[in-house]
Amino acid sequence: MRPILLLVFVPALALSQRVEFARLDRELIEGRLKMARGNNKERQTNLKRIFEDAGCRGEALVEQPVRHAQNPNLICTLPGASDDTILVGAHFDRVDSSDGVVDNWSGAALLPSLYQSLRLRPRYYTFVFVGFTDEEKGMVGSEHYVKQMNRDQVAQMRAMINIDTLGLSPTKIWSSYANKALREALLQWAALARLPVAGVNIEKVGTTDSQSFDARKIPSIALHSVTQETLGVLHSYRDNLKVVRWDDYYDSYRLIAGYLAFLDWKLRPPAVAPLSAKLHHVQGIDLEGDVLWVTSVDSSERKGYLHQIDLATGKLIREVEVQEGERFHPGGIALDGDAVWVPVAEYRRGGKSAVQRRNKQTLELISRFEVDDHIGSVAAGPDALYGGNWDSLEIYTWDRTGRLLKKSPNPAANHYQDMKVVDGKLIASGLLNKEEGAVDWLDPASLQVLRRMPFGKTDRGVLLTNEGMTFRGGKLYLLPEDGPSRLFAFDLEK
C-alpha cells in the first residue's frame, strides 16, 4: 500500500518549520497487528518479515544473539547524517497464558511501520528500531543490548523511546520514569497534531525495557495504553484482538510516527561558532551576511561597545564606544537599512536611556532620542520601533522618529533580553526562570504570544536565551556567553 507523505507545518515552533513523515494506510497498520500469532520464535520470524516488507533488509536488518535467550533481538537501522542515535524499542515475546496481542505485539508490530514512515526523507539522527526478546522473563533482551554498548555508543544515544502495550486506550506516558525533555516534546507534538496523550504511571504493574536504558542514564520515555480499567487484560486470556480499540491504536501510530520526526528536528544540535574577538558582558546581536554585530558592556570601565565581527574567522573587524556619560549600558540592537539602532542606558532599573541610530558604514551617530527609562533592547519594524525596559516588564512602541505611541505591560512571563521584527512578527528571547529560557513570536499590536520555543543551557551552564538573539534566513542565532563567546545557530527550516 502506498504511504501518504505528510508535510506537517509546525507554527508553534518557527515560522516555516516542517516535520515530515509518511503516514501509512490504516489497513496496513491493522493488518500487521493481526499477525500476532504463534510462539515467540514465530513472532520473531513474523517481525523480521514485516521489517523486510517495510524496506529494512540486508545489512540494515540484523539478528543479535542474546545470552540465555532462545530468540535473538531484531535490529533495524535507518542511517542518518549523524552517528548519534534515537532508539525505538518494543518487545515481541509473550507469556504462555496469553495471545500477547496488546502485550506486546502491538508495540513490536509498529516498529517496521515507524521505520517505513521515516525512511522516505533524510534524517539527521540515525534511528535504530529494536524488537527485544524475553522482556517477560526479566528484560533479558534489552539488558543484553545495553550491556554490550560501549561508552561511545552510550554517549551517542540521545533518546530511547519504548513502546509497550498499545490499543487499550489513547496513548499514555509512564510519566514518573520519563525524561522531562522527551515528555515535554511529546506533549508539544500531540498538541500540534491534535492527538490525545496523557500521563498514567504503572510502577505497580511491572517493568518495561526502557528501564534497562535508564540504568545507563540514557534519556528514555515509555509509551503504553494501560488504565486501571484495562489492567486485568495483561497476561490473561483476554489479551487478544477482540480487546483492541482500533481507533486508539491507529492514533497511537500516527502520534509516535510524527513524534519521531519531530524529535529528529528538536534534538538536533545547533551549529556553534567560537568568537576570538574580545567581548565584555554580551548584550545584543544582529547579523548581516558574514558580519556579526554585537554590543557589550564593560561595567568596571563604565564603557559600552558596538562591535563588528567577521563570522568566518571570529575576529574583530572594528568597534566603537557608545556610552554617553552615565549611560554606558548598551542593549539589544537592530539593523535597519543603512543604520543600526543601539539603546544605551544607565546601568540600573528605571535609569534613563538614549536610543542611538548609527551609520553602519562609519559607525557614527546619525540621530538619537531619549527615554526616561532603562531600555534594554530595541527592534525596528517598517513603521515603528519597539523596545523593552529592564527585564522587559513593559514594551514601548515609538514611531521612527522616537515619538512614543504606547507603553504596554508585557503579558508574557518572559524577561526579554533581545528582540527583532521579522515578517511582521516581534521575535523576543528571554528568561522564564533560572533554569529555562524561551524565544517568543509576538503580535506587535497586542503582544500576544503566538509561538514559543523553549531553551535550556549551554554546556557551560548558561541559558541559551541569556543575552543576544537574532533571526535571519530561517536560522535562529543566540550569543549567550561572555568571552570567550560562542554563537549558536539553530536551523529552523531543515
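The values are calculated or read from the model by the stated rules, or taken from the named source; none is laboratory data. Because the structure is a prediction, the values reported are computed rather than measured. No Cβ is skipped: glycine too gets one built from the backbone with ideal geometry, and neighbour counts run over all protein chains shown.
Side notes on the structure shown:
- Taking the stretch 52-84 as the range and being within 30 Å of the chain's Cα centre (by Cα), over 25 Å from Gly138 (Cβ atoms) and touching a residue at least 24 places away in the same chain (Cβ under 8 Å) as the test, the residues that pass are Ala54, Gly55, Cys56, Thr77, Leu78, Pro79, Gly80, Ala81, Ser82, Asp83, Asp84.
- Whichever residue in the stretch 481-494 is among the hydrophobic types (A, V, I, L, M, F, W, C) and in a strand (DSSP E or B) and, among such residues, is nearest to Val294 (Cα to Cα): Leu487
- Given (1) part of a loop (DSSP other than H, G, I, E, B); (2) within 24 Å of the chain's Cα centre (by Cα), index of the condition Thr165 fails: (2)
- The stretch 200-255 - residue that is small (Gly, Ala, Ser) and assigned to a loop (DSSP other than H, G, I, E, B) and, of those, surrounded by the most Cβ atoms within 10 Å (Cβ to Cβ): Ser225
- Taken together, the residues in the stretch 116-137 that are of a type in the set (Gly, Ala, Ser) and in contact with a Ser or Thr (Cβ under 8 Å, 6 or more places away or on another chain) amount to 0.
- Those strands (runs of 3 or more DSSP E) lying entirely in the stretch 45-96 with at least 1 residues modelled with pLDDT of 95 or more, surrounded by fewer than 15 Cβ atoms within 10 Å (Cβ to Cβ) and not acidic (Asp, Glu): 61-64
- Leading residue by the ranking (surrounded by the fewest Cβ atoms within 10 Å (Cβ to Cβ)) among those in the stretch 413-436 that are among the charged types (D, E, K, R) and in contact (Cβ under 8 Å) with a residue 40 or more places away in the chain: Asp423
- The test for being of a type in the set (A, V, I, L, M, F, W, C) and either closer than 20 Å to Arg472 by Cβ or in a strand (DSSP E or B) (or both) does not hold for Ala261.
- On inspection, Gly107 does not qualify as in the same structural domain as Gly31 (by TED's automatic domain parsing), among the small types (Gly, Ala, Ser), outside any helix (DSSP H, G or I) and touching a His at 6+ places or on another chain (Cβ under 9 Å).
- The stretch 77-97: number of residues that are out of contact with any Lys or Arg (no Cβ under 9 Å at 6 or more places or on another chain) and either under 20 Å from Asn40 (Cα atoms) or among the β-branched types (Val, Ile, Thr) (or both): 8
- Residue, surrounded by the most Cβ atoms within 10 Å (Cβ to Cβ), within the stretch 297-307, restricted to residues that are in contact (Cβ under 8 Å) with a residue 40 or more places away in the chain and assigned to a strand (DSSP E or B): Gly304
- Test: residue in the stretch 437-449 that is more than 18 Å from Ile285 (Cβ to Cβ), outside any strand (DSSP E or B) and touching a residue at least 40 places away in the same chain (Cβ under 8 Å): yes
- From the options Gly38, Gly107, Gly31, residue that is under 27 Å from Thr230 (Cα atoms), at pLDDT 95 or above and surrounded by fewer than 16 Cβ atoms within 10 Å (Cβ to Cβ): Gly31
- When the stretch 468-480 is limited to residues that are at pLDDT below 95 and assigned to a loop (DSSP other than H, G, I, E, B), the one that is surrounded by the most Cβ atoms within 10 Å (Cβ to Cβ) turns out to be Gly474.
- Each residue in the stretch 264-288 was checked for being in a strand (DSSP E or B) and either of a type outside the set (A, V, I, L, M) or in contact with a Lys or Arg (Cβ under 9 Å, 6 or more places away or on another chain) (or both), and 10 pass.
- The set of residues from the stretch 137-151 being more than 12 Å from Phe213 (Cα to Cα) and either crowded, with 21+ Cβ neighbours inside 10 Å or β-branched (Val, Ile, Thr) (or both) comprises just one member, Val140.
- Inter-residue pairs, beta-carbon under 6 Å, first in contact (Cβ under 8 Å) with a residue 12 or more places away in the chain and in the stretch 235-247, second among the acidic types (Asp, Glu) and part of a loop (DSSP other than H, G, I, E, B), 6+ apart: Asp239/Asp99; Asn240/Asp99
- At least 2 residues being under 23 Å from Asp443 (Cβ atoms) is the threshold, and among the strands (runs of 3 or more DSSP E) wholly inside the stretch 344-399 those reaching it are 375-380, 385-389, 394-398.
- Test: residue in the stretch 364-382 that is farther than 25 Å from Lys303 by Cβ and of a type outside the set (S, T, N, Q): yes
- Only one of Asp264, Asp290, Asp239, Asp247 that is at pLDDT below 95, within 30 Å of Leu186 (Cα to Cα) and out of contact with any Ser or Thr (no Cβ under 9 Å at 6 or more places or on another chain): Asp264
- Pairing residues of the stretch 334-350 that are in the same structural domain as Gly468 (by TED's automatic domain parsing) and on the phi > 0 side of the Ramachandran plot with residues that are surrounded by fewer than 24 Cβ atoms within 10 Å (Cβ to Cβ) and part of a strand (DSSP E or B), at Cβ distances under 9 Å and at least 6 apart in sequence or on separate chains, gives Gly337/Ala380.
- Only one of the numbered conditions (1) of a type outside the set (Asp, Glu); (2) in a strand (DSSP E or B); (3) on the phi > 0 side of the Ramachandran plot is not met by Gly461, and that is (2).
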